[in-house]
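Enquirer: Here you go, one structure.
The values are calculated or read from the model by the stated rules, or taken from the named source; none is laboratory data. Note that the structure is a prediction, hence the values are computed from the model and not measured. Heads up, the Cβs are rebuilt from the backbone with ideal geometry, glycines too, and the neighbour counts pull from every protein chain shown. Only protein heavy atoms, including side chains, enter the accessible area calculation; ligands, DNA and RNA are left aside. Shrake-Rupley method; radii C 1.70, N 1.55, O 1.52, S 1.80 Å.
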Amino acid sequence: MEEKLLEIKNLRVRFVTERATADALNGVNLTIRKGESLGLVGESGAGKTTTALASLKLLPRGGQMLDGEIYFKGKDVMRMSKRELLDMRGHRISMIFQNPLTSLNPVFTVGEQIGMVLRQHKGLNKKQADEEAMRLLETVGIAGYRLNDYPNQFSGGMRQRVGIAAGIACNPELLIADEPTTALDVTIQAQILELMKRLQKEYSTSLLMITHNLGIISELCEKVAVMYAGRIIEYGTVREVFSDPRHPYTRGLLGALPKLEGDRDRLTAIPGTVANAQHLPEGCRFHPRCEHCTEECKKQQPEMVQVKEEHFVECFRGGKFDG
Amino acid sequence: MYFRYILRRLGQTVIVLFFISILAFALIRIAPGNPARMMLPDTATEEQVHAKEMEMGLDKPLYIQYIKYIGGVLRGDLGTSASYQTSVGSIIADRFPATLLLTAATILVSLLISIPIGIIAGIRQGSMVDFLAMLFALIGQSMSTVWLAVMMIYIFSVKLNLLPALGMGGIKYLILPAITLGYPLAAQVTRMGRSGMIDVLREDYITATLAKGIPESRVYTKYAFKNALIPIVTVVGLQVGYFLGGAVVVETIFSWSGVGQLANQAVGNRDYALVQSLLLVIAAGFALVNLIVDLINAKIDPRITLE
Amino acid sequence: MAEKMENKSRKPLLEVRHLKKYFTIPRKGQLHAVDDVSFQVYPGETLGLVGESGCGKSTVGNVIMKLHKRTEGEMYLEGRDVFASDADKDAFCRKVQIIFLDPYSSLNPRKTIKDILSEPLLVQKIVKKGPELDKFLEELCETVGLSQDLLNHYPHELDGGMRQVVGIARALSLNPSFIVCDEPVSALDVSVQAKIINLLMDLQKERNLSYLFISHDLSVVRHISNRIAVMYLGQIVEMADTDMIFQNAMHPYTIALMSAVPKVSVDKKVNRIVLAGDVPSPMNPKPGCRFAPRCWMACPECSNKTPELTEMEPGHFVSCMYARESRERAKTAATVSVEKMMESQ
Amino acid sequence: MERKLIFKRMVKSKFFMTGFLVAVFVVIISILSPLLANFDPTANALVDRLKSPGIAGHILGTDQLGRDIFSRLLMGSRYSLLIALVVVSLAAVIGTFLGLVSGYFGGRTDTLIMRISEIFLSIPQLILAIAIMAMLGTSVFNLVMVLVITSWTQYCKLARNNVLVQKNMDFVHASQVMGAGNMHIMLTQIFPNITTPLLITISQQFGMIIMVEASLSFLGLGIQQPTPSWGNMIADGRTYLTTAPWMVIAPGVALMITVLAFNFLGDGLRDVFDPKRT
């Protein structure tokens, strides 16, 4: 087994707002090892982004960490000194955001936005940072002379490339990509995915890919973790999970997806609606929507069980359903 | 890009000035009574009135009258003041430096005070500092210039005898009028700085900057600050309108012999030629300030020139 | 699911001929959002309109709904000219309706669900306020599976899927025969999306509805459509029966688009054609094939000659001069290099 | 937004509650002023001139003509509030209507209305008001007209900006495709969605108009003597600042409290209805 890079233990996060209290994360356990690429998949509100932001100790206003531990290379993130924290952010772990239109500051040049990371973490001066930023732009397929252009002069796809360039600037050990292609068109998404595949090879960075798109996971990742209502409910290699999904939710998700090949059977929609973080059900959070629900499911939170060597599922029945 | 924007903005300013001149022109003509008589002292004889009518071309169509008027304005001929019996242009030119000194000094000082207060209040949203800053701003917004001016004199001149109440002179004379004039502006800027900062700090790109490991202090002072400056600059442009109006009251009360005091005197003396020209000059000054404000904003925010 | 239709023998419900919509952008020129688009939709059929953002697919829907004025072109509903000066506008409203992309902005936040659903009935004076209206709404709710308790709620109290059901109910309230579905599931999560797709397909069967299903999602379009039209920069580049287009795509853009979609498969091998650059804007387009600048099999000729939409096999229209070679050449087409990416800027 | 939440925020907002309660108080006082005033506000009594507060039943003293300041203050409040009410109502109706039309129809109508409002916005409000009042002469009618002319642009701009956002919302499109008329859409679909920002602006403009009216009256261009107004009372008192400061302090405090109340109210409303607040 490779060294553990990021380890999240029993993470619980609550958002308290005027309107309501929402339990975004309810005991997340997740480990990413060196060189691994892990896909974190789930529908909106499942807690994917919150998990990522919590790992960087960047929870938005109103977010409280109720419980749990986060370790980066064995160090407790919550107890890091200010310097260690700054060194982790952007240098050891970097993050690419979902919406390239809002995640770049419109009043600074792209050169500045890539350069700021280099100046902060690599101690480069302005000129060196510019040169390096230019090289990074070219790596992601943008002509270097556009260094002094502003984000608004780029299309969405190119802005996301800028985001990626800033993300890989310090050759981080872990790259967190939060739905990096969701806001983009299919052909542009393909460009970004190909770019990320190439960078994965060149930089040997570990990857945490957050997405709701199962196709992207199956292209980019080796491992996958499925999230529902603030918990990881299934975890394993992509091959295992996608070919033999065990959790009723994962099964539902795969069945609900219209396909590009094969027959066009009626989609199997998951009954009910996505669990509301403000009023989470007791016991297994999926039980109101599960067709295999038993009395036990309604009362108790199931534990993660191993079903195969690299396949875990959080279900009392271990994903064994007859008929 | 920026150059083209300057040109476009200059063009717009010229159009605005054109409309203002029409308004100033129309003002004399919509007023009840004979426009020519209005431009002259009350003592004017029938012959003088008749001569003035000819000079203004009142027997000709309106557009010819306007062309005559605007031609005069462009040549620097604003007419003759009825009460001062000299050219309006020279009277205004005499008074102008005093107003420039007062307004420039006031704007500068109130910005230097209010921008930091607003920004800090925005960063510390919900704290005591924020509450006090908001209170400062709301009271400032609600201070009638008239009342504030008289109160300033009452407290600092009459009661405490610290500062001179009336007239012009050294910096001592500047303090009371400047505070009176500057407080409402500072109040608005404080509010805008606060809400601007709050909005900016909610943006994704700020989270992204923090995720890059940039220290919070630098994120606030360098990155978020520039974004927050945009609404601040805009509000300064808008507030200068109220500000110039306030100058009339403040200059009158503090006997500051600037353009504002002149305007009040002109109204009192029924010196319509002077009123008309003052309207034109003050509005032109306002247009100029707005031009400068927009050019500054375009320098801060590249989106303005790119679109 | 989608049985093949014998289109030839039937009359189209809606026919669009040479539709053009240009927007004049000050200081920049003409934006050719829709540039000569023609198609027919038959009773009970779904025509999928697929393409990337800016290709004009939503504009087509908006022009059909008369939310935009057409620049040129004709449109016939049941053989009658819709744009004719004596056309019955109310009759058109009752026959043709639309479901919108965003279930949040499509429902007025200040109105209750009941207000929202009764508005079309009251505007069209189909029923008056009172018990008659209540009965009407009751039936409507039943049709789409909406709990009647929700009638007195406000939109913000409903989740995205439920709101979209309200949007569908509103479109159905006038009992139309043709519905433009403008990306109705794009803003929804997968599990909810499936529910809405199933609902749309069930309603179609029950009421013999025709859909123009606009979407950027190939797999959704494939699932729901009988026929598919692929749009690029304001034009239809390929149109055919769903199975035909998925098995035998001929336009190089369609081929690239299909290969671009990440597939859920255990097999990691992807033979993908990556298009360089971004979708250009349809501002003052140059003559020649619009796809040529990004095309992986473009020849110099392509930028001079404008290809026509031609029938390559029965019911399969393609607008490419090299359509017959495209599949063969796709097998050897390489992924674009970084250098080419930069050139294309 | 949820009604419950709005109510909760209203009660919790210090600014809103203070503003609301004080504003209601001021309005009630001014309505009841004929009953509360213990002297004729315009009657001269030179024997009683410049009496300090509390003497001979003059709660707030008398002015240079021996008129009772408390009574004048109350009557002045009627003028200030009534003028502000009329001006704000007229300007809000005219401005909002023009803004709605301008934003909804766009094109030439929009250009025309926007050009006109730009001219008015390009001249400082008080300066324009002074110029017009000087030309037309002083009367309450002229005063109201001038204040409307110089303030309708606020509502016009606000309504137009909001309409531009609203009219591209799909619920407006939905009304259009079901054959609803433009008036129906403007009034029943769009207007209800702009009432909140309108309410905030109205409440802030209320304070603003009271201040502008005071400034004009102070300069002798607003309410004319002997009719009392807070502005001309301050103007009167200015010369007696050293001997009879109450002449200025009483109307000044009244003015400040009233304006402050409406600004608090407006600001509180903004806070209460802030959609971005979590």
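Enquirer: Give me the pairs, please: first residue somewhere in the stretch A:183-197 and within 8 Å of chain C (Cβ to nearest Cβ), second residue anywhere and part of a loop (DSSP other than H, G, I, E, B) and open to solvent by 30 Å² or more (accessible area, probe 1.4 Å), beta-carbon distance under 6 Å, and either six or more positions apart or on two chains.
Expert: A:Asp185/C:Ser53
Enquirer: If you take the residues of the stretch A:132-182 that are in a loop (DSSP other than H, G, I, E, B) and acidic (Asp, Glu), which of them is nearest to the other protein chains (Cβ to nearest Cβ)?
Expert: Within the stretch A:132-182, the match that is nearest to the other protein chains (Cβ to nearest Cβ) is A:Asp149.
Enquirer: Taking the options C:Val41, C:Val60, C:Val50, C:Val37, name whichever one is under 14 Å from the mean Cα position of the chain (by Cα), within 12 Å of another protein chain (Cβ to nearest Cβ) and within 15 Å of C:Leu212 (Cα to Cα).
Expert: When all the criteria are applied, what remains is C:Val50.
Enquirer: How many residues does the stretch C:289-322 contain that are under 25 Å from the mean Cα position of the chain (by Cα), in a loop (DSSP other than H, G, I, E, B) and closer than 16 Å to C:Gln235 by Cα?
Expert: 10
Enquirer: Quick check on my filter: what residues within the stretch D:111-140 are assigned to a helix (DSSP H, G or I), surrounded by fewer than 20 Cβ atoms within 10 Å (Cβ to Cβ) and free of Cβ contacts under 8 Å to residues at least 12 places away in the same chain?
Expert: Answer for the stretch D:111-140, where residues must be assigned to a helix (DSSP H, G or I), surrounded by fewer than 20 Cβ atoms within 10 Å (Cβ to Cβ) and free of Cβ contacts under 8 Å to residues at least 12 places away in the same chain: D:Thr111, D:Leu112, D:Arg115, D:Ile116, D:Glu118, D:Ile119, D:Leu136.
Enquirer: Return the residues of the stretch C:99-124 that are outside any helix (DSSP H, G or I), of a type in the set (Val, Ile, Thr) and open to solvent by 10 Å² or more (accessible area, probe 1.4 Å); say none if nothing qualifies.
Expert: Within the stretch C:99-124, just C:Thr112 meets the criteria.
Enquirer: Further question on the same structure: Residue by residue through the stretch D:169-181, note down the ones that are in a helix (DSSP H, G or I) and either open to solvent by less than 50 Å² (accessible area, probe 1.4 Å) or in contact with a Phe, Trp or Tyr (Cβ under 7 Å, 6 or more places away or on another chain) (or both).
Expert: Passing the criteria: D:Asp170, D:Phe171, D:Val172, D:His173, D:Ala174, D:Ser175, D:Val177.
Enquirer: Of the conditions (1) away from chain D (no Cβ under 14 Å); (2) surrounded by fewer than 17 Cβ atoms within 10 Å (Cβ to Cβ), B:Ser114 satisfies every one except a single condition; which number is it?
Expert: So B:Ser114 meets the others, but not (2).
Enquirer: Something else now. Among C:Glu74, C:Glu45, C:Glu52, which is touching a strand residue (DSSP E or B) at 6+ places or on another chain (Cβ under 7 Å), acidic (Asp, Glu) and under 19 Å from C:Cys181 (Cα atoms)?
Expert: Residue meeting the stated conditions: C:Glu45.
Enquirer: Continuing with the same structure: Counting only residues that are in contact (Cβ under 8 Å) with a residue 12 or more places away in the chain, open to solvent by 30 Å² or more (accessible area, probe 1.4 Å) and over 22 Å from D:Ser203 (Cα atoms), how many does the stretch D:141-168 have?
Expert: Selection size over the stretch D:141-168: 2.
Enquirer: Every residue in the stretch A:109-120 that is at the interface with another protein chain (Cβ under 9 Å from one of its Cβ atoms) and open to solvent by less than 20 Å² (accessible area, probe 1.4 Å), please.
Expert: Selection gives A:Gln113, A:Met116, A:Val117.
Enquirer: Okay, moving on. Mind listing whichever residues of the stretch B:132-146 are open to solvent by less than 70 Å² (accessible area, probe 1.4 Å) and either hydrophobic (A, V, I, L, M, F, W, C) or over 20 Å from D:Leu265 (Cα atoms) (or both)?
Expert: B:Ala133, B:Met134, B:Leu135, B:Phe136, B:Ala137, B:Leu138, B:Ile139, B:Met143, B:Thr145, B:Val146 - these are the residues of the stretch B:132-146 that are open to solvent by less than 70 Å² (accessible area, probe 1.4 Å) and either hydrophobic (A, V, I, L, M, F, W, C) or over 20 Å from D:Leu265 (Cα atoms) (or both).
Enquirer: Okay, moving on. Would you confirm, using the coordinates I've provided, whether B:Val233 is over 19 Å from the mean Cα position of the chain (by Cα) and β-branched (Val, Ile, Thr)?
Expert: For B:Val233, the condition - over 19 Å from the mean Cα position of the chain (by Cα) and β-branched (Val, Ile, Thr) - is not met.
Enquirer: Okay, next question. Taking helices (runs of 4 or more DSSP H) that do not extend beyond the stretch A:205-302, which have at least 2 residues that are among the hydroxyl-bearing types (Ser, Thr, Tyr)?
Expert: Because the criterion is at least 2 residues that are among the hydroxyl-bearing types (Ser, Thr, Tyr), the helices (runs of 4 or more DSSP H) in the stretch A:205-302 that meet it are A:248-256.
Enquirer: A further question on this structure: Given the criteria more than 10 Å from chain D (Cβ to nearest Cβ), open to solvent by 10 Å² or more (accessible area, probe 1.4 Å) and charged (D, E, K, R), does B:Glu216 qualify?
Expert: yes
Enquirer: If you don't mind, another one. Looking at the stretch A:191-209, which of its residues are hydrophobic (A, V, I, L, M, F, W, C) and farther than 24 Å from A:Lys308 by Cα?
Expert: A:Ile192, A:Leu193, A:Leu195, A:Met196, A:Leu199
Enquirer: Condition (residue is at the interface with chain B (Cβ under 9 Å from one of its Cβ atoms), open to solvent by less than 20 Å² (accessible area, probe 1.4 Å), farther than 14 Å from D:Leu65 by Cβ and in a helix (DSSP H, G or I)) applied to the stretch D:243-250: is it met by at least one residue?
Expert: Yes, some residue in the stretch D:243-250 is at the interface with chain B (Cβ under 9 Å from one of its Cβ atoms), open to solvent by less than 20 Å² (accessible area, probe 1.4 Å), farther than 14 Å from D:Leu65 by Cβ and in a helix (DSSP H, G or I).
Enquirer: In the list B:Thr190, B:Thr252, B:Thr180, which residue meets the criterion of being open to solvent by less than 30 Å² (accessible area, probe 1.4 Å), more than 25 Å from B:Met134 (Cα to Cα) and in contact with a helix residue (DSSP H, G or I) (Cβ under 7 Å, 6 or more places away or on another chain)?
Expert: So the residue among B:Thr190, B:Thr252, B:Thr180 that is open to solvent by less than 30 Å² (accessible area, probe 1.4 Å), more than 25 Å from B:Met134 (Cα to Cα) and in contact with a helix residue (DSSP H, G or I) (Cβ under 7 Å, 6 or more places away or on another chain) is B:Thr252.
Enquirer: Could you list, in sequence order, the residues of the stretch B:47-89 that are loosely packed, with under 13 Cβ neighbours inside 10 Å and under 30 Å from B:Thr252 (Cβ atoms)?
Expert: B:Gly76, B:Gln85, B:Thr86, listed by residue number.
Enquirer: Could you pull out every one of the strands (runs of 3 or more DSSP E) wholly within the stretch A:25-102 that has 1 or more residues that are at pLDDT 95 or above and away from chain B (no Cβ under 14 Å)?
Expert: A:37-41, A:63-72
Enquirer: Oh, and also: What helices (runs of 4 or more DSSP H), lying completely within the stretch B:51-168, carry at least 3 residues that are under 30 Å from D:Ser203 (Cβ atoms) and among the small types (Gly, Ala, Ser)?
Expert: Result: B:88-123, B:128-142.
Enquirer: Has the stretch C:143-163 got any residue that is in contact (Cβ under 8 Å) with a residue 60 or more places away in the chain, under 19 Å from the mean Cα position of the chain (by Cα) and surrounded by 18 or more Cβ atoms within 10 Å (Cβ to Cβ)?
Expert: No, the conditions are met nowhere in the stretch C:143-163.
Enquirer: Just one of B:Leu201, B:Leu181 is at the interface with chain A (Cβ under 9 Å from one of its Cβ atoms) and touching a residue at least 40 places away in the same chain (Cβ under 8 Å); which is it?
Expert: On inspection, the qualifying residue turns out to be B:Leu201.
Enquirer: Further question on the same structure: Which residues, taken from the stretch A:55-91, are of a type in the set (S, T, N, Q) and under 13 Å from A:Val13 (Cβ atoms)?
Expert: Those that are of a type in the set (S, T, N, Q) and under 13 Å from A:Val13 (Cβ atoms): A:Ser55, A:Gln64.
Enquirer: Could you figure out which of (1) in contact with a strand residue (DSSP E or B) (Cβ under 6 Å, 6 or more places away or on another chain); (2) over 26 Å from A:Asn99 (Cβ atoms); (3) at the interface with chain C (Cβ under 10 Å from one of its Cβ atoms) isn't true of A:Glu261?
Expert: (1)
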